[in-house]
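Each remark here refers to the structure printed beneath this line.
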């Protein structure tokens with residue numbers, strides 16, 4: 001029998017060490033692949049969506065000649081008359097910058113957004129005191145001209161395109177050098193309203209942000225309140241019997257139900273059943289209140305499960321000590337157990353809200369889609385009961401439209417949605433650490 005030293009690894013030890021090294025290598029490889037995919041995803045989102053936060057505009061002085069304005073307002077084709085005013089002003093601006101062009105009026109106006117005449121007319125109606133003066137306007141460029149400035153549109157495709165020409169792109173280059181045409185930050189994308197398919201360059205995300213905010217208020221008020229109350233009763237007061245066991249199993253199963261099922265449930269209960277009965281404007285298929293109630297149904301199981309887990313994490317000795325000193329069951333729960341479970345409850349509630357914020361399937365199913373060009377709500381009642389939409393639903397709408405500018409805005413909407421989700425998750429971590437108590 002051969003003697004071996006304890007400091008010399010035998011064959012089995014060497015085999016175990018190699019297996020451990022391989023396992024570490026597999027783990028590092030998996031982490032590296034995950035990090036790479038995450039970085040690639042973020043790069044794709046940012047590279048595709050950051051362009052939505054910048055917009056090309058044409059800066060020019062437009063003389064608001066009183067006779068031309070009166071003639072335009074008296075005519076039947078008011079928009080066409082304002083197009084003529086814009087075209088004459090642009091010709092004058094080009095001549096002043098030393099840019100010669102023989103381009104026809106229709107092709108020249110193709111550089112500017114189709115919304116420009118309506119914007120000019122709205123300005124005149126809202127500011128009649130400006131008639132007779134010359135006002136500087138920064139009008140939106142057309143979607144394909146904006147795409148050319150961002151590198152989305154290339155010259156090689158101009159010959160095959162019906163939306164822009166080589167002559168227009170040449171003129172755009174000259175206008176850019178002269179400072180007439182510039183690309184700048186597009187605040188209207190965050191605060192503005194959606195636009196029709198003919199004016200993708202004017203589409204904004206504002207109503208969708210407000211709609212999601214309204215629904216989150218409804219979800220926070222209903223799901224968090226009901227979820228925490230139900231969790232406290234089930235965990236602290238309800239007797240442990242077959243009935244409560246069935247409730248617990250159903251809550252766990254509901255947490256795994258696809259979100260579109262809750263959309264069908266909301267459609268049948270809140271709209272098809274309660275809508276005709278109540279006859280109330282709040283119960284209609286495109287209001288934030290109904291959307292919030294549907295998301296409440298979806299979020300409740302998550303809040304209940306997270307809250308019960310936080311209550312269970314509180315040591316039984318805390319309850320025993322409070323009861324031993326003469327506190328009632330209610331005092332024990334609200335004065336001792338709940339404060340210790342608060343960090344977990346807050347975290348679970350915020351994560352549930354973040355999950356609801358990113359849902360689109362149930363909202364699309366109940367018809368929570370705002371009409372194109374609809375404005376922001378004027379009152380609190382309209383904020384909750386008026387026609388509305390949400391960020392995920394608006395992103396889906398934009399992704400289904402043909403113009404590449406809408407596709408860019410869909411990516412931009414994803415960036416805004418991710419910022420909201422990231423903020424909510426960071427808030428959950430901060431609140432958890434802020435209120436966390438150790439025993």
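Throughout, read-outs are computed from the coordinates displayed, never taken from laboratory work. Please read these numbers as outputs of a predicted model, since none were measured by experiment. Backbone-built Cβ (ideal geometry, glycine too); neighbour counts: all protein chains shown.
Would you mind checking the tilt of helix 206-219 against the longest principal axis of the Cα atoms of the chain, expressed as 0 to 90 degrees and rounded to 10?
Its long axis makes an angle of about 20 degrees.
If packing is taken as the average number of other Cβ atoms within 10 Å across a peptide's residues, how do 317-326, 396-405, 209-218 rank, most packed first?
Descending mean neighbour count gives 209-218, 396-405, 317-326.
Roughly what angle does helix 78-96 make with the longest principal axis of the chain, taking Cα atoms, 0 to 90 degrees, to the nearest 10?
80
Could you tell me the relative contact order of the range 51-186? Use alpha-carbon pairs under 8 Å, at least six residues apart, and round to a whole percent.
44 percent.
If the chain between residue 11 and residue 100 were fully stretched, how many nm would it gain, using 0.36 nm times the residue separation less the Cα-Cα distance?
Value of the extension gain: 23.4 nm.
Between residue 170 and residue 435, 0.36 nm times their residue separation minus their Cα-Cα distance comes to what?
89.2 nm
For the range 170-214, list residues with backbone N below 17 Å from a point placed 7 Å from the Cα of residue 402 toward its Cβ?
196-201
With runs of 4+ DSSP H residues as the only contributors, calculate the mean residue ellipticity of the chain at 222 nm using -39,500 (n - 2.57) per run, divided by the residue total and rounded to the nearest 500.
-19000 deg cm²/dmol
Cβ neighbours within 10 Å, averaged per peptide: list 289-297, 15-23, 338-346 in order, most packed at the top.
The most tightly packed comes first, giving 289-297, 338-346, 15-23.
Cα gyration tensor of the chain, axes a ≥ b ≥ c as square roots of the eigenvalues: rounded (a/c below 1.5), prolate (a/b > b/c) or oblate?
oblate
R0 = 41 Å: FRET efficiency of residue 317 with residue 422, Cβ-based, nearest 0.05?
For residue 317 and residue 422, the calculated efficiency is 0.60.
Relative contact order for the chain: what is it in percent, counting Cα pairs under 8 Å that are at least 6 residues apart?
Reported as a whole number, the value is 19 percent.
Once both axes come from the Cα atoms, what is the angle between helix 288-313 and the longest principal axis of the chain, in degrees from 0 to 90, rounded to 10?
Tilt relative to the chain: about 30 degrees.
Once the mean 1/r over all distinct Cα pairs of the range 174-220 is inverted, what Kirkwood radius in angstroms do you read off?
12.8
Hey, rough spin-label estimate for residue 183 and residue 250, points 7 angstrom out along Cα→Cβ, what's it come to in nanometres?
Taking the simple label geometry, residue 183 and residue 250 are separated by 5.7 nm.
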